[in-house]
1. What order do you get for 203-209, 251-257 when each peptide is scored by the mean count of other beta carbon atoms within 10 Å, highest first?
2. Which of Lys20/Lys322; Lys164/Lys272; Lys246/Lys286; Lys8/Lys382; Lys4/Lys418; Lys105/Lys151 have a Cα-Cα distance over 28 Å?
3. Return the FRET efficiency for the residue pair Asp282, Lys60: r is the Cβ-Cβ distance, R0 is 51 Å, and the value is rounded to the nearest 0.05.
4. Based on DSSP H runs of at least 4 residues, each adding -39500 (n - 2.57), what is the mean residue ellipticity at 222 nm of the chain after dividing by all its residues, to the nearest 500 deg cm²/dmol?
5. Estimate the FRET efficiency between Thr432 and Thr132 by the formula 1/(1 + (r/R0)^6), using the beta-carbon distance for r and 35 Å for R0, to the nearest 0.05.
6. Would you kindly state how much longer the chain becomes between Lys272 and Ser257 on full extension, computed as 0.36 nm times their sequence separation minus their alpha carbon distance, in nm to one decimal?
7. Radius of gyration and Dmax for the chain's Cα atoms, expressed in Å?
8. Would you please give the FRET efficiency between Glu108 and Glu87, computed as 1/(1 + (r/R0)^6) with r the Cβ-Cβ distance and R0 = 22 Å, to the nearest 0.05?
Amino acid sequence: MARKSKLKIIPLGGLNEIGKNMTVFEYGNDIVVLDCGMAFPDEEMPGIDFVIPDFSYLTKHKDKVRAVVLTHGHEDHIGALPFFLSEINVPVYGTNLTLGIVQNKLKEHNLLSKVKLNRISAGDVIKIGCFTFEAIRSNHSIADAVAYAIKTPVGTIVHTGDFKIDTTPIEGRMIDLARLGELGNEGVLALMSDSTNVERPGYTMSERTVGSSLDHVFESTKKRIIIATFASNVHRVQQIINSAHKFGRKVAVSGRSMVTILEVAMNLGYTKIPEGVLIDIDDIKKYRPSQLTIITTGSQGEPMSALYRMAFSDHRKVEITKDDLVVVSANPIPGNEKLVSNVVNELFKKGAEVIYDSSDMHVSGHACREELKIIMGLTRPKYFIPVHGEYRHLKLHADLGKLMEIDKKNVIILDIGKVLEFGANDAKVTGTVPSGRVLVDGLGVGDVGNIVLRDRRHLAQDGLIVVVVTIASDNYSVVSGPAVISRGFVYVRESETLIEEIEEIASQCIETCIDNRVHDWSTIKTNMKNKISDHIYHQTKRKPMILPVIMEV
């Protein structure tokens, strides 16, 4: 009798970290990938543009990969798609707005004509290999988000994607709790649920509550209003436009991603702008401050974003003055607090009034503890797998699962690369696959690794010293040098004594090696490097990178 296959669930991102969400579902000869996101670099990654998952496991098994299915259009769920699809060209399934954003992304990478995009709606059921994916209406901080019920040969897996329960959403209807309850009655093998906001008690506020706060701001000021928010939060942008129109203001948009996503949302009917309200950013000088609203990117303080450039007087169209009221309509993503603080400080220095860190001006797109409990209560899963969060989020969510009387041994905290296998009556981690982070720097994908990053950090912290010497190949005498070049270590003209000492040590090293008949350049370089390093540390308590260069003539 043929041995039955087991369902494998393999997270390649999104666990023990924020971002680069990607999960593999594998059974027999079929693999379907759920989401394909990126993450932003931290301060330990100088020069890196962004981070994508390591999908070498999928490249190795590309003949099994049937499709990529998307939950929503945020970068941490779709950002790595162009890199994945350039290696593994498979159909992509997603909702209308999600694929609208993906189209722009693929166009930039010259992939749009090569990839098949399949639009789905909440309620649709799609068959992919041995899997059936049912899209379930959800609520999040971007329109058209869905959860999925994944029917597999061993049972049903419910994956929430990023979600919250919004009973009064700006557009569409609230999350389909009735369908989740029906699935619970039918039997759910495992629930994979968003853990991002598990630390917060209670319920997440409705997006609609921001609208009344915006109205109050518009009503109470005659200043020009500049609002920074996430470009992808089309409902927030719609509410800003509504308030501006209500109080007789024109709206200009700044920031490449804001312009791009607003265009997509308008074309697809997700954003409706009254005639005559939207103006070009070039025309703002034609209006008084009290007639203007500017919607901009930069709510996370990102260098090069529109708000950052405004704050540091580097924006070609907008100059911040005392006649401006700046609203930061977003909470800092963990790790971005200092960036946001720097921008806010600069805005205050320019004389602007700034509203930031205000619960009235931003609501989260992620479920709090009571909402997470509701989803567990409705689906009543046999197994519970917390996803999307750092370890503390996963642990607290796992504890919540036990509180909801899910059997302790059936609550599983995974890590990226772990292979979780489901049989008819059991679930266990059976191994690992290659996983981790691939760094994207300019056009280079994966060519910057830990050693290069270590060198960049070393250079950033202590600088560089280059020692150049020219040696005759016939008699090994020194023709010229040693000459010392310092970058980011000390200013040469003010440290002549130290530089002369380094030159003297280099000369002694070369003479000693040649006297001892050591003619191997790498040995001489190592000797020189060690002795110079010891001397510099003794003199300065610093450890610059030392690069000896020996030229042979």
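Bear in mind that the values in this text are calculations on the coordinates, not laboratory data. Model, not experiment: these values are computed from the prediction. So basically every Cβ, Gly included, is an ideal-geometry build from the backbone, and we count neighbours across all protein chains shown.
1. So the order, starting with the most tightly packed, is 251-257, 203-209.
2. Table pairs above 28 Å Cα-Cα are Lys20/Lys322; Lys105/Lys151.
3. 0.50
4. -9500 deg cm²/dmol
5. It comes to 0.80.
6. Full extension of this stretch gives 3.6 nm more.
7. For the chain, the Cα radius of gyration and maximum Cα-Cα distance read 28.5, 89 Å.
8. Taking R0 as 22 Å, the efficiency between Glu108 and Glu87 is 0.85.
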